[in-house]
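Bear in mind that the values in this text are calculations on the coordinates, not laboratory data. Remember, it's a predicted structure, so these values are computed and weren't measured experimentally. We place every Cβ from the backbone using ideal geometry, glycine too, and count neighbours over all the protein chains shown.
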Amino acid sequence: MAYSPLGESSALLLGRIMAALAILACLPLLALLALAVKLSSRGPVLHISERLGKDGQSFPILKFRTMRLKAADELPEMLAAHPNLQQQWQQRGKIPCDPRVTAFGRLLRRSSLDELPQL
């Protein structure tokens with residue numbers, strides 16, 4: 001099949017239109033989840049995290065906040081007090097049943113709805 005710049009442009013345009021429609025369809029759910037995060041714990045609704053992408057370039061991603069405010073500040077003390085958690089943190093970079101996660105945050109993580117703002 002021959003290369004066609006028009007076909008590539010059309011596919012790109014269609015992809016953007018579909019993404020915009022998906023975002024519009026998800027707006028009511030996004031608003032409800034944002035309100036629930038705000039009502040369930042103090043602090044901002046969204047959390048910005050850095051990820052590594054192509055060629056090692058870092059880029060920001062948005063997620064609904066699932067941990068208590070200042071959770072990162074609590075980590076060193078928590079790991080020092082619990083050597084088993086320290087080992088899990090070193091091996092996996094996360095802690096199962098992390099006590100810093102809010103109740104609503106656990107629900108968001110289980111359902112992967114905390115990832116929705118990445119749309």
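Are there any pairs, at least 6 apart or on different chains, whose C-beta atoms fall under 9 Å, with the first in the stretch 25-45 and part of a helix (DSSP H, G or I) and the second of a type in the set (Ser, Thr, Tyr), and if so, which?
Within 9 Å, the pairs are Val37/Thr66; Val37/Thr102; Ser40/Thr102.
Taking the residues in the stretch 59-84 that are in contact (Cβ under 8 Å) with a residue 12 or more places away in the chain and of a type in the set (D, E, K, R) as candidates, determine which candidate is surrounded by the most Cβ atoms within 10 Å (Cβ to Cβ).
Arg65
Test each condition in (1) closer than 24 Å to Leu69 by Cα; (2) under 16 Å from the mean Cα position of the chain (by Cα) for Arg42 and report the one that comes out false.
(2)
If I go through the stretch 46-79 residue by residue, how many of them are in a helix (DSSP H, G or I) and of a type in the set (S, T, N, Q)?
Looking only at that region, the number is 0.
List pairs: first in the stretch 87-100 and without any contact (Cβ under 8 Å) to a residue 24 or more places away in the chain, second β-branched (Val, Ile, Thr), Cβ under 6 Å, 6+ apart or cross-chain?
Gln88/Ile95; Trp89/Ile95
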